[in-house]
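Undergrad: Here it is, the structure, as C-alpha cells.
The values are calculated or read from the model by the stated rules, or taken from the named source; none is laboratory data. All figures in this text were calculated on a predicted structure; none of them were measured in a lab. Here the Cβ positions follow ideal geometry from the backbone for every residue, glycine too, while neighbour counts run over all protein chains shown. Areas reflect the complete protein model, heavy atoms only, side chains present, ligands, DNA and RNA absent. Shrake-Rupley method; radii C 1.70, N 1.55, O 1.52, S 1.80 Å.
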Amino acid sequence: MTDARKTILDILKKAYQIEVDGYTFYSMAADRSDKPAVQELFDKLAHDEVEHKAYLKGVMRNFD
C-alpha cells in the first residue's frame, strides 16, 4: 500500500470514528432531555450520523 493510500484510509477511519462518537453523544443527549422538541432534534442528529457512517463505510469499501 502506498503512503498516500494509507493516509487516505487513515483519514476515512478517523472520520468514521467521529461519526460514531457523534452518534453516541446525540443519542445520550436525546435520552437525557425532558423536552420532546429537544429529544426530536438530537434523535435526528443521531440518525444523520448513522447515514454518515454508512456513506463513509461505502467510500472505504470502494477505495480499498
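Undergrad: Return the pair list, or none, for Cβ contacts closer than 9 Å from residues in segment 14-30 that are more than 12 Å from residue 44 (Cα to Cα) to residues that are among the basic types (Lys, Arg), at least 6 apart or on different chains.
TA: 16/53; 16/57; 19/53; 20/53
Undergrad: Then there is this: Find all pairs meeting these conditions: Cβ atoms under 7 angstrom apart; at least six residues apart or on different chains; first residue within segment 35-56 and charged (D, E, K, R); second residue modelled with pLDDT of 95 or more and open to solvent by less than 80 Å² (accessible area, probe 1.4 Å).
TA: 43/30; 49/19; 49/22; 49/26; 53/16; 53/19; 53/20
Undergrad: Could you tell me which residue of segment 38-64 is farthest from the chain's Cα centre (by Cα), considering only residues that are open to solvent by 80 Å² or more (accessible area, probe 1.4 Å), at pLDDT 95 or above and not hydrophobic (A, V, I, L, M, F, W, C)?
TA: 40
Undergrad: Turning to a different aspect of this structure: Which of the residues that make up segment 16-37 are open to solvent by 50 Å² or more (accessible area, probe 1.4 Å) and either more than 30 Å from residue 3 (Cα to Cα) or in contact with a Leu (Cβ under 8 Å, 6 or more places away or on another chain) (or both)?
TA: Those that are open to solvent by 50 Å² or more (accessible area, probe 1.4 Å) and either more than 30 Å from residue 3 (Cα to Cα) or in contact with a Leu (Cβ under 8 Å, 6 or more places away or on another chain) (or both): 16, 23, 24, 25, 26, 28, 31, 32, 34, 35, 36, 37.
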